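Below is one structure; the comments refer to it alone.
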Amino acid sequence: MSFKQEAKKSFPEWPIYGDEEIKALTNVIKSGKWWCGSPGFHQGENVWKFQEEFAKFQSAKHCIAVFNGTVAIEVPLLALGVGLGDEVIVSDYTFVASASAVVATNAVPIFCDIDPDTLVMDVNKIEGLISERTKAIIPVHLGGNPVEMDRLMEIAEKNNLKVVEDCAHAHGSKYKGRYVGNWGHSGTFSFQASKVLTAGEGGAIITNDEKLADLIYSISDCGRKKNAHGYNHYMYGSNYRMTEYQASVLLEQMKKFPAQHKLRNENAKYFMEKLNAIDGIRVMKPTPGTEEIGYYVYPIVFDPKEFGGITQSKFYKKLNRNGIPTDNCYPPLHGLDCFKKIELRKGIDYSKANWGGEKSDDRNFPIVTDIYSRSIEFPHEMLLASQEKLDSIVDFIKSLK
Ligand SMILES: Cc1ncc(COP(=O)(O)O)c(C=O)c1O
């Protein structure tokens with residue numbers, strides 16, 4: 001077992017489940033109704049209930065559940081008309097899915113550098129990336145920290161751009177009185193194994209626009225109209241449906257979420273104050289206007305000079321060896337092999353992208369490159385530990401000086 005796996009064992013492990021999830025899952029199996037389709041014609045009691053509950057939970061009018069958080073981004077992009085030759089502006093500091101979903105629509109991702117304090121997309125850099133081909137923006141609320149959505153929406157409206165918020169890290173994050181996912185045309189979530197709400201895999205799309213919701217439904221369910229007979233395929237669509245197994249587990253996980261979310265927020269505040277008091281350590285700064293953070297991961301940035309010139313990988317490995325679960329954050333997208341090589345999809349012209357070959361040089365993305373080289377992240381379940389445990393991390397980091 002690696003140090004990283006060992007380290008995870010000394011803190012709360014994830015996922016947290018009980019007899020409720022086992023019973024819910026067993027009930028689905030025993031019912032023989034394992035899939036979801038159009039209401040009234042097909043099965044899907046748990047999925048339809050989950051969609052209703054999750055929409056309420058994020059204060060949105062509509063929710064469409066899908067099988068993972070990657071297709072959750074792809075489907076609203078398609079529904080909003082993003083396709084061949086279009087450009088979509090995406091944060092450079094995120095999991096690859098935020099951009100691979102764009103590639104899947106035959107559009108081209110354009111990477112935007114980040115704000116060095118909040119670590120999310122720097123909205124002041126968006127306008128410089130807009131071209132006549134730009135069709136949409138994907139703000140990613142990294143670590144649950146909201147992007148400055150009021151400013152971003154002003155830019156989007158001025159330039160007639162669609163906005164799909166990637167909220168895979170931001171269940172329950174709230175910015176200036178509104179839950180994330182409700183600022184843009186659509187918001188997307190992931191319920192993959194490591195997420196704060198999980199069924200192993202899963203995704204959801206929220207929107208407040210009924211027409212868009214119906215279109216998203218149809219694209220996700222083989223081009224069917226909601227409430228129509230199963231062999232009517234009025235448009236092109238594919239099968240992105242969530243299963244009854246996933247929804248039954250998610251409904252139970254949602255009941256556990258409020259207490260966990262509250263504890264994570266309390267512990268994050270406690271931990272943040274202690275970490276920020278160490279010279280050479282700085283935690284991700286909540287974007288001004290943030291009211292709640294989902295805290296999927298908890299990134300901190302260190303100053304190597306204050307720690308004897310330590311590198312990022314030595315830093316997190318030292319923590320792992322001492323029983324503290326940490327990892328590096330996401331390698332910036334512009335430098336990933338797939339984006340350096342520009343051989344993504346046949347017949348698509350990527351030559352105008354701001355990445356690929358020499359354009360992927362780190363010097364073109366200075367902030368994210370610097371931040372990535374000296375940041376590490378803690379998993380959200382660590383914020384469910386006791387404050388004594390969090391103190392022990394603070395003490396250990398101090399001892400590295
Ligand atoms: C920011 C972000 N967006 C999208 C996804 C994709 O979600 P999924 O793994 O459910 O496909 C992830 C997954 O980790 C993510 O971190």
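The values are calculated or read from the model by the stated rules, or taken from the named source; none is laboratory data. The model shown is predicted, which means the values in this text are computed figures rather than measured ones. Methodologically, a virtual Cβ is constructed for each residue, glycine included, from the backbone with ideal geometry; neighbour enumeration extends over all protein chains shown. SASA here: full protein model, heavy atoms, side chains in, ligands and nucleic acids out. Shrake-Rupley method; radii C 1.70, N 1.55, O 1.52, S 1.80 Å.
Apart from one condition, Tyr175 fits all of (1) surrounded by fewer than 20 Cβ atoms within 10 Å (Cβ to Cβ); (2) away from the ligand (no atom under 11 Å from the Cβ); the exception is (1). Reported count of residues in the range 198-234, each being part of a loop (DSSP other than H, G, I, E, B) and either of a type in the set (Lys, Arg) or within 16 Å of the ligand (Cβ to nearest atom) (or both), is 8.
Checking the conditions here, which among Lys195, Lys285, Lys262 is more than 17 Å from Gly44 (Cβ to Cβ) and part of a helix (DSSP H, G or I)? Residue meeting the stated conditions: Lys262. In the range 279-299, of all residues being under 20 Å from Ser373 (Cα atoms) and either of a type in the set (Gly, Ala, Ser) or touching a helix residue (DSSP H, G or I) at 6+ places or on another chain (Cβ under 6 Å) (or both), the one that is most open to solvent (accessible area, probe 1.4 Å) corresponds to Asp279. Sort out which residues of the range 149-172 are of a type in the set (D, E, K, R) and either surrounded by fewer than 22 Cβ atoms within 10 Å (Cβ to Cβ) or within 26 Å of Lys359 (Cβ to Cβ) (or both), and write them in order of number. Result: Asp150, Arg151, Glu154, Glu157, Lys158, Lys162, Asp166. The set of residues from the range 249-264 being over 30 Å from Ile29 (Cα atoms) and without any contact (Cβ under 8 Å) to a residue 40 or more places away in the chain comprises just one member, Lys262. Listed by first and then second residue, the pairs linking a residue in the range 266-277 that is touching a residue at least 40 places away in the same chain (Cβ under 8 Å) to a residue that is part of a helix (DSSP H, G or I) and open to solvent by 60 Å² or more (accessible area, probe 1.4 Å), with Cβ atoms under 6 Å apart and 6 or more places separating them unless they lie on different chains, are Tyr270/Gln387. Do we find that Lys195 is out of contact with any Lys or Arg (no Cβ under 8 Å at 6 or more places or on another chain), among the basic types (Lys, Arg), more than 16 Å from the ligand (Cβ to nearest atom) and open to solvent by 10 Å² or more (accessible area, probe 1.4 Å) in this structure? It is false that Lys195 is out of contact with any Lys or Arg (no Cβ under 8 Å at 6 or more places or on another chain), among the basic types (Lys, Arg), more than 16 Å from the ligand (Cβ to nearest atom) and open to solvent by 10 Å² or more (accessible area, probe 1.4 Å). In a residue-by-residue description of the range 325-339, the property of being modelled with pLDDT under 95, over 23 Å from Glu13 (Cα atoms), part of a loop (DSSP other than H, G, I, E, B) and among the aliphatic types (A, V, I, L, M) applies to no position.
So, Ala268, is that one under 24 Å from Ala170 (Cβ atoms), touching a helix residue (DSSP H, G or I) at 6+ places or on another chain (Cβ under 9 Å) and part of a helix (DSSP H, G or I) or not? Yes: the conditions hold for Ala268.
One residue stands out among those in the range 249-307 that are farther than 17 Å from Thr118 by Cα and of a type in the set (Val, Ile, Thr): the one that is nearest to the ligand (Cβ to nearest atom), which is Val249.
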